[in-house]
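**Q** Sharing a structure here in structure tokens format.
The values are calculated or read from the model by the stated rules, or taken from the named source; none is laboratory data. This structure is a prediction, so every number in the text was calculated from the model and none was measured. With ideal geometry, Cβ positions are generated from the backbone for all residues, glycine too; neighbour counts draw on all protein chains shown.
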Amino acid sequence: MYSIIASNPGDTSVLKKNDFEIPSLKPNEVLVKNHSIGVNFIDIYFREGLYPWPQEKDLVLGSEAAGEIEAVGSEVKHFQVGDRVAYAQPNNAYATHRIINENLIVSIPDNVTFDQAAASILKGLTVKYLVTDSFKLQTHHKVLFHAAAGGVGLIAGQWISQIGCHLIGTAGSDEKCTKAKAYGYDEMINYSNQNFLKEVKQLTQMEGVDVVYDSVGQDTMFDSFQCLKKHGTVVSFGQSSGIYKNLQMTDLMTGSLHLTRPTLFHFYANRDWLVDASVLLFEMISQEKIKLNEISVYSLEDVGQAHLDIENRRTTGSVILKT
Ligand SMILES: NC(=O)c1ccc[n+]([C@@H]2O[C@H](COP(=O)([O-])OP(=O)(O)OC[C@H]3O[C@@H](n4cnc5c(N)ncnc54)[C@H](OP(=O)(O)O)[C@@H]3O)[C@@H](O)[C@H]2O)c1
């Protein structure tokens, strides 16, 4: 049994393999043997120290995984040994085994694989709250979604296109734009060589969009606000290019605009929301309404390379690690 730990924030050289013994379970905990582990940009924020570390010195990174229950605590009510489960929680997933409270895991149906679950439980539930809770999308809405070819982006394209919105995406290369179009985006803008504000205005007959989902941050946020219609909303849910620091409250005056900065874990903490949302997500995957055909696979020990590929914008779709 081993995990991948970082002793202090830094580049990928801080990631080290660490053998460990399984401690005893608390009454409401289960032991999960991780089969597949999702890699997310949030892991890079933690590794670099952009997101604050918990107090303990060695941090096991990783926030998304799927596997099988190998042991249960004395008071576990809803799960048993052999159950197939998945979870999304900040840190502690880069490991062959993980102890976790039963309230934080969900069941995986038989027709969803461990790889599919690990590629989607964090990213898919993120899309779920983005489109139903942060801004309730309806058919008539015009939407701009940045980083459309990424892990969250390809799931978002499929989900939002089924709602029926007019969906515009951005991505950093022509290849990524072509890929995102195959996953539900009506129009794609290569924001490495096109001015996305100008393009969005043209595509919307100068009107703008109802909502921008912006996880890129520093490089896009100023123009994301300019892309909005009056009363439009920016949902800022990440900062892959760095934190946007120039916002003034008066910037929202230009169109009586709305801004929200949500995080999945506030929704995930509501058990009823979590169960309903994960059942819906896995149903959509089973019915191939959400396809996960773009999964890049690495071994757990090669997680440093996976981080380098994501942060250097070389990946499309989800990235997983195999134990
Ligand atoms: N708040 C939440 O609840 C929540 C939950 C999950 C994820 N997120 C956020 O959603 C975003 C997507 O997450 P993900 O794990 O699926 O990652 P991802 O989209 O697969 O990778 C990030 C993408 O950001 C784009 N990007 C633009 N500028 C970049 C830069 N300077 N450096 C690196 N990448 C840059 C790249 O796409 P292009 O090359 O096409 O630009 C890159 O592929 C992240 O910002 C993440 O933090 C937030």
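**Q** Sort through VAL14, VAL39 and tell me the only one that's surrounded by 20 or more Cβ atoms within 10 Å (Cβ to Cβ), touching a helix residue (DSSP H, G or I) at 6+ places or on another chain (Cβ under 9 Å) and of a type in the set (A, V, I, L, M).
**A** VAL39 is the lone residue from the list that is surrounded by 20 or more Cβ atoms within 10 Å (Cβ to Cβ), touching a helix residue (DSSP H, G or I) at 6+ places or on another chain (Cβ under 9 Å) and of a type in the set (A, V, I, L, M).
**Q** If you don't mind, there's one more thing I want to ask. How many residues does region 159-188 contain that are touching a residue at least 24 places away in the same chain (Cβ under 8 Å), away from the ligand (no atom under 13 Å from the Cβ) and not aromatic (Phe, Trp, Tyr)?
**A** The number of residues fulfilling the criteria is 11.
**Q** Name the residues in region 131-158 that are within 15 Å of the ligand (Cβ to nearest atom), touching a residue at least 40 places away in the same chain (Cβ under 8 Å) and surrounded by fewer than 24 Cβ atoms within 10 Å (Cβ to Cβ), would you?
**A** The answer is ASP133, SER134, PHE135, GLN158.
**Q** Can you tell me which of VAL60, VAL85, VAL30, VAL39 is closer than 23 Å to ILE121 by Cα, more than 22 Å from the chain's Cα centre (by Cα) and at pLDDT 95 or above?
**A** Of the residues listed, the single one that is closer than 23 Å to ILE121 by Cα, more than 22 Å from the chain's Cα centre (by Cα) and at pLDDT 95 or above is VAL30.
**Q** So, of the residues in region 291-321 that are hydroxyl-bearing (Ser, Thr, Tyr) and free of Cβ contacts under 8 Å to residues at least 40 places away in the same chain, which turns out to be surrounded by the most Cβ atoms within 10 Å (Cβ to Cβ)?
**A** SER296
**Q** Could you please find all residues in region 249-284 being among the small types (Gly, Ala, Ser) and away from the ligand (no atom under 16 Å from the Cβ)?
**A** Across region 249-284, the qualifying residues are GLY255, SER256.
**Q** Given the residues VAL200, VAL212, VAL234, which is the only one that is surrounded by 16 or more Cβ atoms within 10 Å (Cβ to Cβ), out of contact with any Ser or Thr (no Cβ under 7 Å at 6 or more places or on another chain) and of a type in the set (A, V, I, L, M, F, W, C)?
**A** VAL200
**Q** Sticking with this one: Among the residues of region 52-65, is there at least one that is closer than 28 Å to SER240 by Cα and assigned to a helix (DSSP H, G or I)?
**A** No, every residue in region 52-65 fails to be closer than 28 Å to SER240 by Cα and assigned to a helix (DSSP H, G or I).
**Q** Please go through (1) under 19 Å from the mean Cα position of the chain (by Cα); (2) in a loop (DSSP other than H, G, I, E, B); (3) buried (at least 19 other Cβ atoms within 10 Å of the Cβ) for VAL76 and return the number of the only condition it doesn't satisfy.
**A** Of the numbered conditions (1) under 19 Å from the mean Cα position of the chain (by Cα); (2) in a loop (DSSP other than H, G, I, E, B); (3) buried (at least 19 other Cβ atoms within 10 Å of the Cβ), the odd one out for VAL76 is (1).
**Q** Would you check if ILE99 is within 16 Å of the ligand (Cβ to nearest atom), among the hydrophobic types (A, V, I, L, M, F, W, C) and in contact (Cβ under 8 Å) with a residue 12 or more places away in the chain?
**A** Taking the combined requirement at face value, the residue does not satisfy it.
**Q** Could you list, in sequence order, the residues of region 115-157 that are among the charged types (D, E, K, R) and more than 10 Å from the chain's Cα centre (by Cα)?
**A** The answer is ASP115, LYS128, ASP133, LYS136, LYS142.
**Q** Across region 200-222, what is the number of residues that are within 15 Å of the ligand (Cβ to nearest atom) and either over 23 Å from THR126 (Cα atoms) or of a type in the set (Phe, Trp, Tyr) (or both)?
**A** Going through region 200-222 one residue at a time, the tally reaches 2.
**Q** Determine whether region 31-52 contains at least one residue that is out of contact with any His (no Cβ under 7 Å at 6 or more places or on another chain), of a type in the set (Asp, Glu) and away from the ligand (no atom under 16 Å from the Cβ).
**A** no
**Q** Something else: Only one of GLU75, GLU68, GLU56 is away from the ligand (no atom under 16 Å from the Cβ), touching a Lys or Arg at 6+ places or on another chain (Cβ under 6 Å) and assigned by TED's automatic domain parsing to the domain that holds ALA6. Can you tell me which?
**A** GLU68
**Q** Pairs needed: first member in region 239-261, assigned by TED's automatic domain parsing to the domain that holds VAL216; second member anywhere, among the polar types (S, T, N, Q) and away from the ligand (no atom under 16 Å from the Cβ); C-beta distance under 9 Å; at least 6 residues apart or different chains.
**A** THR254/GLN226
**Q** Pull up region 79-89, narrow it to residues that are in a loop (DSSP other than H, G, I, E, B) and out of contact with any helix residue (DSSP H, G or I) (no Cβ under 6 Å at 6 or more places or on another chain), then point me to the one that is farthest from ASP302 (Cα to Cα).
**A** GLN80
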